[in-house]
Amino acid sequence: MKKIMKAIGITILAGSLLVACNNDDTDGTDKSNEIEQENEDTEDVDESNVGAEGNTSTNEYVDQLDLKLGDTAQVSTNTGEFEITVKSVKREDEIDEENSQLDTFHIVSVEVKNIGSAAIDAGELKGMFEMTDFLEGSGEPEVSNWFESFDALDGEINEGQGLTGEMVYQVYEADTYYLRITDGLVASDAVKNQVTWSFAQDEVQ
C-alpha cells in the first residue's frame, strides 16, 4: 500500500513539472513573438518617415536674394511654378515718344519656362515683379501695357514650354537697381519665395 501511494505521489509530481515546463515555453514564445512584432512596427515607422522626408525634399522653393544678370530663379506661386532668367537690361529715355514719369525707362529682357503642371499667363507673371533702387522701400510696377514698340512678355505658357519677352519699368537715376517679386505677394503667400536680381548702373546697356 505504501508503495502504491508513493508511486501515485511521484506521478503527480512529474505531471506538475511537465505543466510548469509547458507554461514556461509558451511564455517564452509569446514574448519572442511580441519582440518580433515590435521590431516590424519600428521598421515600418522608420520606412514611413524616410518616405515622408523624401517627399518633403522635393518641390521646395527657397528665397534667392543675390542673383545677377544672366542668373535663373525658380518661383512657386499659388497657381503654378516657373523658371525666369534675366538676360539683360537696357535704358530708354522715351518709348513711343513718351517720356518716363521718373528719370528713365529700364527694359528688361527675360526668358521664362513653365516647370509646373498648370498653364501660366505671362501677363500676370510679369505683373508680379517690381524694380527699385532701395530694398527697404516699395518698387515701381511693370508698365509694358502702356506701350507697343517692343517685344512684351505676353501670352500663355503651357507645361514644359518657354517664352522670351521684355518687361518695362520707370526708374530714378541710381547706382544700383533691384528686380524682385513684389513684397506684398510674398507676404500674402500668393508667391511662396522671394527672388531678387541686383545690377549696377554700368551694367545697363
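None of the figures in this text is laboratory data; all of them are computed from the coordinates on show. Since the structure is predicted, the reported quantities are computational estimates derived from the model, not experimental observations. Cβ: placed from backbone, ideal geometry, glycine included. Neighbour counts: every protein chain shown.
Sticking with the crude label model, points 7 Å out along Cα→Cβ, report the distance from residue 99 to residue 161 in nm, one decimal please.
4.1 nm
What's the FRET efficiency of residue 115 with residue 66 using the Cβ-Cβ distance as r and R₀ = 25 Å, to the nearest 0.05? Could the numbers behind the result be given before it?
Values: r = 21 Å, r/R0 = 0.85.
Working from the Cβ atoms, E equals 0.75.
7 Å from Cα along Cα→Cβ at both residue 83 and residue 175: what's the point-to-point distance in nm?
Inter-label distance under the simple model: 3.5 nm.
Along region 128-141, what does the Karplus equation 6.51 cos²θ - 1.76 cosθ + 1.60 (θ = phi - 60°) give for ³J(HN,Hα), rounded to whole Hz, x for Gly and Pro?
6, 9, 9, 10, 8, 10, 9, 5, 7, x, 7, x, 8, x
Just want to confirm a number: the relative contact order over region 107-205, from Cα pairs under 8 angstrom separated by 6+ residues, in percent.
Reported relative contact order: 33 percent.
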